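The values are calculated or read from the model by the stated rules, or taken from the named source; none is laboratory data. Note that this is a predicted model, so its numbers are computed, not measured. Neighbour counts run over all protein chains shown; Cβ positions are idealised from the backbone, glycine included.
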Amino acid sequence: MQAKTLLLIFILLSTLLIALSIFFAVPPRYQQKIEEIRVANIQQIFYKSYKKRRDIHTIERSIEQAQEEINRILKDYTSKEKYHHLIEILPILNNTKEKFVLKIEVHATKRGSKRELLKSSKREAKEIKEFIKDRSNILFISSIGYGNRLIKKNRSLNQPIKFILQRLKQQ
């Protein structure tokens, strides 16, 4: 009887020791993957609740109304608050009555060489396009970075970014 009890205690302690050694030997990448999955689940739940709230309070707009509202938002555009402005614009783009094509034009706002300004405006145009493409249902988005080419021609150009909505032609 005593041998059976000792054997049972030995088995329990050995399984506990094995479990603890496995627990403490788990590589950090597994813990990191678990954390990524947890964060993704939280974001998915938040997105579903956000979408429900958004669907309740959104108004479908015509392309002209959407264009006016986007222009009003972009009047105060700064590259520091770029994503704040884009998040404001997304519900407008996603809730238009008609199908449209979005053209994004980015102009240089800093000083520097022509090549640097062109490169930075193209990069910003691409970032904005990817941001909107990932979060909207727009069929086609084109983005163009002009650098400082148009600023010299038109000195009154004070808006570094411009969204142009063009109605899709029915066939």
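Below are the figures for this structure:
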quantity: Pick from the stretch 95-115, criterion surrounded by fewer than 15 Cβ atoms within 10 Å (Cβ to Cβ) and under 21 Å from residue 166 (Cβ atoms), ranking: nearest to the chain's Cα centre (by Cα); calculated: 99
quantity: Unique match (being modelled with pLDDT under 80, among the hydrophobic types (A, V, I, L, M, F, W, C) and assigned to a helix (DSSP H, G or I)) among 24, 10; calculated: 24
quantity: Test: residue 105 is farther than 29 Å from residue 44 by Cβ, in a helix (DSSP H, G or I) and at pLDDT 85 or above; calculated: no
quantity: Yes/no for residue 122 being among the basic types (Lys, Arg), surrounded by fewer than 13 Cβ atoms within 10 Å (Cβ to Cβ) and modelled with pLDDT of 80 or more; calculated: no
quantity: Some residue of the stretch 57-68 being among the basic types (Lys, Arg) and free of Cβ contacts under 8 Å to residues at least 12 places away in the same chain; calculated: no
